[in-house]
Structure formats: C-alpha cells, structure tokens
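Before any comments, here is the structure.
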Amino acid sequence: MNAPLSHIPVLRERGQREVFCGLTGIVWLHRKVQDAFFLVVGSRTCAHLIQSAAGVMIFAEPRFATAIIDERDLAGLADANDELDRVVTQLLARRPDIRLLFLVGSCPSEVIKLDLSRAAERLNTQMWPQTRVLNYSGSGIETTFTQGEDACLASWVPVLPDAPSNTAAELMVVGSLPDIVEDQLRRQFAAMGIPKVVFFPPRRSTETVHVGSNTRFLLAQPFLSETARLLEARGAQRIPALFPFGAEGTAAWLAAAGKSFGIAESVCIEASAAAMRRAQRALAPFKEELQGKKVFFFPDSQLEIPLARFLSRELGMVLTEVGTPYLHKTHLAEELAALPSEVQLSEGQDVERQIDRCRASQPDLVVCGLGLANPFESEGMATKWSIELVFSPVHGFEQAADLAELFARPLRRRQRLKI
Amino acid sequence: MKLTLWTYEGPPHVGAMRVVTGMRGVHYVLHAPQGDTYADLLFTMIERRSERPPVTYTSFQARDLGGDTAELFKTAAREASERFKPDALVVGASCTAELIQDDPGGLAEALGLSIPVIALELPAYQKKEHWGAAETLYRLVRGCVEHARVPANLERNREGRAPRCNILGPCGLGYRHRDDVTEISRLLQRLGIEISVVAPFGASPADLARLPEADFNVVLYPEIAETAAAWLEKTYRQPRTKIVPIGVGATQDFVREVAAMAGVDPTPALAPEASRLPWYSHSVDSTYLTGKRVFIFGDASHAMAAARIAKEEMGFDVVGLGTYSREFARPMRELATSLGIEALITDDYLEVEERVAELHPDLVLGTQMERHIAKRLGVPCSVISAPVHVQDFPARFAPQMGYEGANVIFDSWVQPLMMGLEEHLLNMFKEDFEFHPDAPASHLGAPTSAAEARSTDFRVTDAQNAAPMGASADSVAVLKESEVALIEKESTASALNGQVSWANDAEKELGRIPFFVRGKARRNTENYARERGIAIISVETLYEAKAHLSR
C-alpha cells in the first residue's frame, strides 16, 4: 500500500460531460439534514433538473425549491436582491420549521454574478437565530454532481463553533451517510474504545458539531476536498485511510481511526472481527459470480476509484477503464496504491471518445449514468446506474454485500431473461 | 424571481430536444454547461429510448468563461457533424449560454457545412418547453422547406389520386404520441386519405421538405405543431385541422373536419359501434358515474378534450378546469365559462393543490403532478396529460386519440373509482350487522388489529356487532378508509366556517346516505341552513333541505 502515487498514468480529457451538476446533491442532502432548506437561485432548467433527478421524491413535501430568475431580473427591472429577500421571506413564512437555509448558486446566477454570499449574510442578520442562512454554489460550471455536497459542507465549516482547546481528541466523520450506517459505525467506534464520534453533516442543523485542533476527521466520502481543506484550516487533522467500502476498506478505515487515537491494533481487529467475518461470508458468493468479469466505469460521483478498488480486490473483477470527474491524489493516495497497475484511469470526460473506448474494451459491466444506461443495454451490454451508488446505503461492513449485489444484479438479470 | 417547487414544463431547449429526438437525421448542438445533460435521461429513462438523444453539449466550465467559449462551440459543432453525419444541424443555447451571447447560429454558419443549419433563439427566461418545441418545429420545417427551394405556388393536382395529408405534432417524450399516431393513421386510412409525412415523429429533414406536397395538415398537438402548421397554411395554402380527436364526440367532429378538407365521405369512420365508450357509458353499471365531481388540469388540448368527455360522455360534473399552458389561456377560459366555472391558468403547483383541496372532487384528471396531489389528498386520479412519468409509456397499445383512445380513456378514468354494482351492493348492505365496513374478512380468521382500530367509527356501525363476514370485506375496508378521510375533511371544513354545526343524530343520519352523494348532501344542507340562519342542523333540517333541493 505504499507504492508511489503516480504509478498509474491518468488520461485527461475535455469534451462533452455526461454528468449531473452539483445541484443534484440537494436530493440527498435535504433528506439528511432534516431542518435544512435548499433554495436554488437559478433558471427553469435548474428546477427541472432537480425534479428529474429526484423522481419519486415528489411524494414528500420537498425542502428544496428554485427561485427562478426571469427576464425582469436580467433586464435590471427588478432588483435581484430585493426579489431574493421577498422569496426567502415568503418561503420561511411557509416553513417556520426551517433552521438552516442554503442559498444555492447555479450556472445563471454565477454568470450574472449575483452575489449570493452577500445576500446570505444580509438575510442571516435578519433571520438569525431562528434560521441560519448560508450559501454555496452547485453550478455546473463549477461543480460536478457530488462536488455539490462538498460545496455545501464547505460553506458550513466556517460557522461550526470552536472546540474547547483543552479537551481530548475527538473523532469527526465527514460526509453524509444514511442514518442506519451512521448508527452501525457509531457502534463500531464504541467497541474500539472511541466513544465520542460526531457526524458531519448532522441530522439536525442545531446539533453541535465542534471543530478545532483536537478534531481528527475521517472522510466517509472521497469527494470532499474543499470541506477537508477548510477543516484543516481550522486545525483539524485528516486521518488518511482507504474509504469504507467493502470489508477490507471498512476495516482499514476503522483501523486508521484506531491508530490515530492510540488504540492497539489488536483491539481494533478484535472489535470489528465479527462484523468483518460476516461481511466476508456475505461477499463470498458474489465473488464467485463476479470474479474475472470486466468492468468499465464512466465518471460520475468520484466514488469510482474506491469502488473499483473494492471490486478488484475483494471480488476479483478486472478493471478496464476507471473514469472519475476529478482525481484528488492526496485523499485517494491509499486507494490509488491499492489499485492493480494495469488499470486505465481517466479524469474529466469526452463522452463520445469514452463510449468508443468502452465498446472496444467489451466489458461485462458498464457503470454509467442514466442517460447512457439504456442505450448501452440495447447494444447488449449490462449496465449499473451509477446514481444508485450514491443514493443507497453502501458504506461499512453490513452493506458490503449489498454493494456487491448492486453490481451483480444486472448480470443476474441478464442470465435469467430468456427472451 | 418566482418561487417554484415543481415545474410543469422544462426550459425551452428541452422542447427543442423533444422535436429533434423524435426525428431522424437531425443533430442538435447545444451550447450548455455541464449538468444540462440531465435532459438525456428524460428520453432514455422515462421514455425508455434505446438510443441517446441526438444532442451534443459543449459542457463549458467556469474557467472557459474568461477564455473562448465560442471556439468550444465551434469544435463541438464540427466534431458532431463529422461523427453523426446529420442531414441537418440544429444549434442553440441553453439558459446559461444565452447569457454569454456567443451566437451559436453565426458560429455554426461560419463552419461552412454543406447541410442546412437551423439556429434556434429560445429565450429561456421568458418561455418554456412547449413553446420551445413549437418554435423548433417551425424553424426546422421552414429551414428544410426553404433549403429545398419549394416554390410558394406549388401545384397540387388532386386529379386521379387519393387526398393526402401530413400529421403534425407527435414528438419525443410525448404523452401517448406513439399510439395516437397509429390510431389516427388508421382512421385516416379508413377514409381513404393518404398520409404523406408524420412530423416530427420519425421524419427526416427531407421529409420536412416534402410537407408542402400534401393537401392539408392534421394538427394532433397544437402546443407543438400550431406555429409550423400556421406557417404552412399561410405560405402553401395548406388548411390545418382545429379539432383534437380525443373522445368520441371530438373524434367524430374531427372525422367530419378532415373529410371536408379531403373531399371524401365521412361515413366509413362514423360507425356508431366504432367505440365501446358510448355503450359502456349508457349501460346501467355506469349510472353511479352520474354527477361525479371532477377536477381537470393539464396541457390545454388534453384538458379541454377531457372536459368535453367528462361532461358529455361520462355524465360527470366538471367542477374545476385549468391548464399550465398560458399560450392557450383564452380558449380555456371560454370553455370554463361555458361550463359555469372559472378556469385556473397557472404553472404554480401549490395553487393547483390548493384548488383541488378546496373543491374536494370525486376524481382528479391531471398530470403526474396532480397524481401526487390527489394521492396526498386521498382522491382518485387518472393521468390525462404531460408532464409524464415512466408509467405513462405503457408496453400495450394505449392511445388517447380516436375511438380506441376513447375506450382507453373510459377504462382509465373509471378504474380508480369503484364499479357501480360493487358500490351499490356495499351501500345497500352497509348497515347489515354482518356486513359492516369494519368486519374483517372471514377467511383471515380473527379480527385484525387494523380492523379493530377502524371499528371505533361511530357513524355507521356498532362495534358490538362486529363479526367476520364474506369476502367483500376487504374492499369494504378500503372503501371505509376513503370515506372516513372524506368525512373528516368535510367536518374540518364546516368547523372552519364556524357558521353551522351538526347535531349528533343529524350527523348519524347523514352517515346513512350513500357515501358517493354524502358530500353533496352535506354541502347542500349546510348551504340551506346558512341561508336560513340555522346554526345547528337537525335531522329535520337535513330532510327539509333535501325536499327543498329536489323540487
């Protein structure tokens, strides 16, 4: 695991990107932080995008909306700031339960240089302490898909209260996880002897999450570069580790925390032994199915590299190309070192050329977005929708087999169908 | 700025995508940032298309903005025309690219391509999806016809050949467009009318250039085809149809309209047995449909057609009618006025939700949005219009238009309601001690906790009499829940009014009235009491009101 970082060449491409923008993160972030509201300041396209990505979530009373910029705002006939104040007031009157409001920038708001940070500051002075107002950009010109969560959390870090400096080290897990996974991980940490763990983002914005020089944090997601940078700027220390996908990844991630807190390795191993064995047992049948199968990853969520590592090392799959929208070499150092050296990594995208390469490599499974999946299926290739990897609980020991199953299901389905 | 939770229509460039995706041999180069490719999934997932939409996005990023986004566009357009070899190239900007004003039309022109280049100007901050589709179809038709230099005085000698028409409007991601085209084509063929071109659906740029050769145009979806058809009528003297053939009556009117344009006998397509809807509606089981209160909302064409079917072919009362298509506000308002109601013209989902809640109809006919509203309010619903979801693209043949469309509509509107005979029997026996709504199904053994929970109802039954009963109890329980919801809602409404209240015995008596007219009876009685200043409604008041209103 200590191979040099750059042992694998990376193909860097520019062209059409078949990916979501950062606004999409609102779909899971608003479910995670239950007293937060996300107000996109954008166009009808933004509203349509979130609605299309959210799909069936329309059943819930949404805690997101779009303030649609119209021609009056553009022509300067209406003062955009007054308009925004009016919309926010209208919104908070409708939803007095909202304690944290994010003004979310979009491509149009960035291009017309609508200063949402000033707007957030101004609104915050009016609404605080009932509601805190923050802002970030989820625009497609700046963020790709999961980078929206990074931007969201990064906007939140500066207002986290300081941790008292004289206390013992505390563990923070960074990146939104399903509640059930959080609870499992909390039990794991407790068994290891780390009783106090905070998760960021918290389930409710009013929960206290301190940060300071005694904060040590583990990233639960590989796409949080700006959030990590800002946490480090406040004195927190990142614990480098594999990401907690699969039995091996989860064990390494927990062990890294243990080491950082001075817990004996044997204690860590003992604490997770039962869950580790369970995960390995559950993974075994999937390994039989997936061993030797070739997989091709289109860039989507930045989860590609850790997932490829899991598929390769724990399930014996053969990696062809692993694409990622953005490669953070420091956060992914451990992951890159664990990849087989023959893999083709690519960063960025020219979708047409990548499709050509994908067809040429004849993979058994293509991991791609929803715009590409059915076209590939109709060509006879099995696909896994990558968005499901972001929406489903896939972290930790107990989900290791569920994660494997997501990759096995499309192949199983093809085997069953006799038409 | 407008606060929007859900939107009925996408931006205009999505309308343009629907047109080009419906066609063959056209490619659309869209100047757009990363993220706008989400629109591809509408076609590949919702419509289950097996090919990607023929769209290339420039995917510009923030760091390009200071540099040369125009060059990026030119590269994308050049590479797309080399890779896909289209017969026509459509170019345009999404909302963000509109702001940077790169002029895709001019840039594409400068590439010197040999194929027609159609530049779209779709103002994203004013207009929406349907307008974008209509404008795109118009620009494409005009571009292809002009490129082919079709003379304005084109001769259409009708001697010795069958009359010929085009079908305009069906496109990608259209609500039942695929099946409507099949159904209407059959109908036209029955009249001996040839179909020259169907567009955009399946048409190539060369097909568009042939449009002026037909004798007239059948406009199936005015939201999409009206602009193009109006231009063809003006330029090539091609009359266009005005009637949208949804429902039996409208289909018959449509048949007469096209027969007159074609100069043929309409009779072969007017056979009374052409659709099952009329007989199904006359048959006694449908009696219970009489006066059901419906709320209708959708695109203008589908909503207006639904209103006519509801009133004339199903015997419903249309209590609410509206559209999100502002372009068609005027005819919608006229129709609503003729029905004695006020049209709801809005694209604000919350406003529609509020209206549905206020009217508490028996049935909602709407879009996928109204399906969600109805679900939340516990009202039956059937989808009649876009915006669509994956279930609106069924595997089976399920048109909305023509006679088969009327059959499909009858089934899909009645299905969420209960069948008449079933409703009648349940009601007749509802006070039977062994047949009350809370009796658990005998084949399930001992009473379930759910049934016990429900048996607290005081209005209709006596919990002491609860006993297992016949197999229908399942459906009774279902009925019961909706009934309870309805009544609770009604009680809340009258409590809020604060003017009249119900005495216990009157409330109980009201519970004996069949539930499908109970809401009406409650409102009528309350109005009657209010008009006469009666504060507490007694059994006497209830029957006074009934007698008064039945005169």
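The values are calculated or read from the model by the stated rules, or taken from the named source; none is laboratory data. All values derive from a computational prediction rather than experimental measurement. All Cβ positions, even for glycine, are placed from backbone atoms using ideal geometry, and neighbour counts span all protein chains on display.
Among the residues of the range B:376-386, is there at least one that is closer than 27 Å to B:Ser50 by Cβ, crowded, with 19+ Cβ neighbours inside 10 Å and not aliphatic (A, V, I, L, M)?
yes
How many residues does the range B:111-120 hold that are surrounded by 13 or more Cβ atoms within 10 Å (Cβ to Cβ) and assigned to a loop (DSSP other than H, G, I, E, B)? It would help to see each step written out before you state the result.
Here is the first cut: in the range B:111-120, the ones surrounded by 13 or more Cβ atoms within 10 Å (Cβ to Cβ) are B:111, B:113, B:115-120.
Filter once more, so that each one left must be assigned to a loop (DSSP other than H, G, I, E, B): B:111, B:113, B:115-116, B:120.
Within the range B:111-120, residues that are surrounded by 13 or more Cβ atoms within 10 Å (Cβ to Cβ) and assigned to a loop (DSSP other than H, G, I, E, B) number 5.
If we scan the range A:82-91, do we find a residue that is facing another protein chain (nearest Cβ under 8 Å), under 18 Å from A:Gly138 (Cβ atoms) and among the β-branched types (Val, Ile, Thr)? Working first, answer last.
Let us first name the residues in the range A:82-91 that are facing another protein chain (nearest Cβ under 8 Å), namely A:83-84, A:86-87, A:90-91.
The next check asks that each one be under 18 Å from A:Gly138 (Cβ atoms); those that pass are A:84, A:87, A:91.
Within this subset, residues satisfying the condition of being among the β-branched types (Val, Ile, Thr) are A:87.
So far as the range A:82-91 goes, yes, one or more of its residues are facing another protein chain (nearest Cβ under 8 Å), under 18 Å from A:Gly138 (Cβ atoms) and among the β-branched types (Val, Ile, Thr).
Does the range A:105-127 hold any residues that are of a type in the set (A, V, I, L, M, F, W, C) and within 13 Å of another protein chain (Cβ to nearest Cβ), and which are they? Before the answer, list the steps.
First pass over the range A:105-127, keeping only residues of a type in the set (A, V, I, L, M, F, W, C): A:107, A:111-112, A:114, A:116, A:119-120, A:123, A:127.
The answer is A:Cys107, A:Val111, A:Ile112, A:Leu114, A:Leu116, A:Ala119.
Take the residues of the range A:376-419 that are polar (S, T, N, Q) and part of a helix (DSSP H, G or I): which is farthest from A:Pro285 (Cα to Cα)?
Kept after step one, since they are polar (S, T, N, Q), are these residues of the range A:376-419: A:378, A:383, A:386, A:392, A:399, A:415.
Right, trim to part of a helix (DSSP H, G or I) and you get A:378, A:415.
Values: A:Ser378: 28, A:Gln415: 16 Å.
Restricting to residues being polar (S, T, N, Q) and part of a helix (DSSP H, G or I), the top hit is A:Ser378.
Consider B:Thr56 carefully, then state whether it is over 20 Å from the mean Cα position of the chain (by Cα), among the polar types (S, T, N, Q), modelled with pLDDT of 95 or more and within 21 Å of A:Phe20 (Cβ to Cβ).
Values: over 20 Å from the mean Cα position of the chain (by Cα): yes; among the polar types (S, T, N, Q): yes; modelled with pLDDT of 95 or more: yes; within 21 Å of A:Phe20 (Cβ to Cβ): yes.
Criteria met by B:Thr56.
Condition first: touching a residue at least 60 places away in the same chain (Cβ under 8 Å) and either small (Gly, Ala, Ser) or more than 14 Å from chain A (Cβ to nearest Cβ) (or both). Now tell me which residues in the range B:357-378 satisfy that.
B:Leu359, B:His360, B:Pro361, B:Asp362, B:Leu363, B:Val364, B:Leu365, B:Gly366, B:Gly378
Considering each residue of the range B:7-37, count those that are closer than 19 Å to A:Ser139 by Cα and among the hydrophobic types (A, V, I, L, M, F, W, C), and give that number.
Qualifying residue count, the range B:7-37: 3.
Residues of the range A:373-389 being farther than 16 Å from B:Ser50 by Cβ, in contact with a helix residue (DSSP H, G or I) (Cβ under 7 Å, 6 or more places away or on another chain) and touching a residue at least 24 places away in the same chain (Cβ under 8 Å), which ones?
Selection gives A:Lys384, A:Ile387, A:Leu389.
Limited to the range B:122-138, what total is found for residues that are among the hydroxyl-bearing types (Ser, Thr, Tyr), at the interface with another protein chain (Cβ under 9 Å from one of its Cβ atoms) and either within 18 Å of B:Pro387 (Cβ to Cβ) or assigned to a helix (DSSP H, G or I) (or both)?
Quick first cut of the range B:122-138, residues among the hydroxyl-bearing types (Ser, Thr, Tyr) only: B:125, B:136, B:138.
Applying the additional criterion that residues be at the interface with another protein chain (Cβ under 9 Å from one of its Cβ atoms) yields B:125.
Add one more test, that the residue is either within 18 Å of B:Pro387 (Cβ to Cβ) or assigned to a helix (DSSP H, G or I) (or both), and what stays is none.
Matching residues across the range B:122-138 total 0.
When the residues of the range B:1-52 are narrowed to those that are β-branched (Val, Ile, Thr), more than 21 Å from B:Ile224 (Cβ to Cβ) and part of a strand (DSSP E or B), which ends up farthest from the other protein chains (Cβ to nearest Cβ)?
Checking each candidate, the answer is B:Val29.
Could you list, in sequence order, the residues of the range B:407-419 that are in contact (Cβ under 8 Å) with a residue 24 or more places away in the chain and within 14 Å of the chain's Cα centre (by Cα)? Before you say what the answer is, go through the steps one by one.
If we filter the range B:407-419 for residues that are in contact (Cβ under 8 Å) with a residue 24 or more places away in the chain, which is where we start, we get B:407, B:409-410, B:412-419.
Across the range B:407-419, the qualifying residues are B:Ile409, B:Ser412, B:Trp413.
Does at least one position in the range A:363-371 carry a residue that is within 22 Å of the chain's Cα centre (by Cα), at pLDDT below 95, surrounded by fewer than 17 Cβ atoms within 10 Å (Cβ to Cβ) and not aromatic (Phe, Trp, Tyr)?
Within the range A:363-371, none of the residues are within 22 Å of the chain's Cα centre (by Cα), at pLDDT below 95, surrounded by fewer than 17 Cβ atoms within 10 Å (Cβ to Cβ) and not aromatic (Phe, Trp, Tyr).
Hey, does the range A:242-257 have a residue that's more than 20 Å from A:His395 (Cβ to Cβ) and part of a loop (DSSP other than H, G, I, E, B)? Spell out the reasoning first.
Initial filter on the range A:242-257 (more than 20 Å from A:His395 (Cβ to Cβ)): none.
No, the conditions are met nowhere in the range A:242-257.
In the range B:139-177, what residues are of a type in the set (Gly, Ala, Ser), part of a loop (DSSP other than H, G, I, E, B) and either under 14 Å from B:Thr227 (Cα atoms) or under 36 Å from the mean Cα position of the chain (by Cα) (or both)? Reasoning before the result, please.
Step one: list which residues in the range B:139-177 are of a type in the set (Gly, Ala, Ser), which gives B:143, B:148, B:152, B:160, B:162, B:169, B:172, B:174.
Retained after the next criterion (residues that are part of a loop (DSSP other than H, G, I, E, B)): B:148, B:152, B:160, B:162, B:169, B:172, B:174.
B:Ala162, B:Gly169, B:Gly172, B:Gly174, listed by residue number.
I'd like to verify a number: residues in the range A:20-37 that are in a loop (DSSP other than H, G, I, E, B) and within 14 Å of chain B (Cβ to nearest Cβ), how many? Full working, then the answer.
Of the residues in the range A:20-37, the ones in a loop (DSSP other than H, G, I, E, B) are A:20, A:33-35.
Subsequent filtering for residues that are within 14 Å of chain B (Cβ to nearest Cβ) retains A:20.
Summing the residues that are in a loop (DSSP other than H, G, I, E, B) and within 14 Å of chain B (Cβ to nearest Cβ) in the range A:20-37 gives 1.
What is the number of the single condition among (1) within 12 Å of chain A (Cβ to nearest Cβ); (2) of a type in the set (S, T, N, Q); (3) within 28 Å of B:Leu3 (Cα to Cα) that B:Ser382 does not meet?
(1)
Hey, does the range A:326-343 have a residue that's surrounded by 21 or more Cβ atoms within 10 Å (Cβ to Cβ), closer than 21 Å to B:Thr56 by Cα and under 24 Å from the mean Cα position of the chain (by Cα)?
No, because not a single residue in the range A:326-343 is surrounded by 21 or more Cβ atoms within 10 Å (Cβ to Cβ), closer than 21 Å to B:Thr56 by Cα and under 24 Å from the mean Cα position of the chain (by Cα).
Within the range B:211-234, take every residue that is over 25 Å from the mean Cα position of the chain (by Cα) and touching a residue at least 24 places away in the same chain (Cβ under 8 Å) and give me the one that is farthest from B:Pro268 (Cα to Cα). Break it down into steps so the answer makes sense when it comes.
First, the residues of the range B:211-234 that are over 25 Å from the mean Cα position of the chain (by Cα): B:211-216, B:231-234.
Remaining after also requiring touching a residue at least 24 places away in the same chain (Cβ under 8 Å): B:211-216, B:231-232.
Details: B:Leu211: 26, B:Pro212: 27, B:Glu213: 25, B:Ala214: 22, B:Asp215: 20, B:Phe216: 20, B:Trp231: 31, B:Leu232: 29 Å.
Among residues in the range B:211-234 that are over 25 Å from the mean Cα position of the chain (by Cα) and touching a residue at least 24 places away in the same chain (Cβ under 8 Å), the one farthest from B:Pro268 (Cα to Cα) is B:Trp231.
Looking at A:Ser139, is it within 14 Å of chain B (Cβ to nearest Cβ), within 24 Å of B:Gln34 (Cβ to Cβ), in contact (Cβ under 8 Å) with a residue 12 or more places away in the chain and surrounded by 17 or more Cβ atoms within 10 Å (Cβ to Cβ)? Before the answer, list the steps.
On the way: within 14 Å of chain B (Cβ to nearest Cβ): yes; within 24 Å of B:Gln34 (Cβ to Cβ): yes; in contact (Cβ under 8 Å) with a residue 12 or more places away in the chain: yes; surrounded by 17 or more Cβ atoms within 10 Å (Cβ to Cβ): yes.
Taking the combined requirement at face value, the residue satisfies it.
Filter the range A:361-372 down to residues that are part of a helix (DSSP H, G or I) and out of contact with any helix residue (DSSP H, G or I) (no Cβ under 7 Å at 6 or more places or on another chain) and give me whichever is nearest to the other protein chains (Cβ to nearest Cβ). Explain how you work it out, then say what you get.
Taking the range A:361-372 and keeping what is part of a helix (DSSP H, G or I), we get A:361, A:370-372.
Retained after the next criterion (residues that are out of contact with any helix residue (DSSP H, G or I) (no Cβ under 7 Å at 6 or more places or on another chain)): A:361, A:372.
Numbers: A:Ser361: 19, A:Leu372: 7 Å.
Going through the qualifying residues, I end up with A:Leu372.
Could you please tell me which pairs satisfy a Cβ distance under 9 Å, a separation of 6+ or placement on different chains, a first residue in the range A:339-361 that is of a type in the set (Lys, Arg), and a second residue that is part of a loop (DSSP other than H, G, I, E, B)?
Within 9 Å, the pairs are A:Arg353/A:Gly15; A:Arg359/A:Glu379; A:Arg359/A:Met381.
Taking the range B:241-264 as the region of interest, how many residues are more than 19 Å from B:Ile384 (Cβ to Cβ) and either surrounded by 24 or more Cβ atoms within 10 Å (Cβ to Cβ) or in contact (Cβ under 8 Å) with a residue 40 or more places away in the chain (or both)?
7
Could you list, in sequence order, all residues of the range A:272-309 that are outside any loop (DSSP other than H, G, I, E, B), farther than 20 Å from A:Glu342 by Cα and in contact (Cβ under 8 Å) with a residue 24 or more places away in the chain?
We begin by selecting, within the range A:272-309, every residue outside any loop (DSSP other than H, G, I, E, B); these are A:272-290, A:294-297, A:304-309.
If we keep only those that are farther than 20 Å from A:Glu342 by Cα too, we end up with A:272-289.
Within the range A:272-309, A:Ser272, A:Ala275, A:Met276, A:Arg278, A:Ala279, A:Gln280, A:Ala282, A:Leu283, A:Phe286, A:Lys287, A:Glu289 qualify.
Can you tell me which residues in the range B:63-101 are of a type in the set (Ser, Thr, Tyr), within 12 Å of another protein chain (Cβ to nearest Cβ) and in contact with a His (Cβ under 8 Å, 6 or more places away or on another chain)?
Of all residues in the range B:63-101, those of a type in the set (Ser, Thr, Tyr) come to B:69, B:75, B:81, B:94, B:96.
Cutting the leftovers down to within 12 Å of another protein chain (Cβ to nearest Cβ) gives us B:69, B:75, B:94, B:96.
Listed by number, the residues that qualify are B:Thr69, B:Ser94.
Would you call A:Gly76 modelled with pLDDT of 95 or more and either more than 15 Å from A:Val41 (Cα to Cα) or facing chain B (nearest Cβ under 10 Å) (or both)?
Details: modelled with pLDDT of 95 or more: no; either more than 15 Å from A:Val41 (Cα to Cα) or facing chain B (nearest Cβ under 10 Å) (or both): yes.
In short, no.
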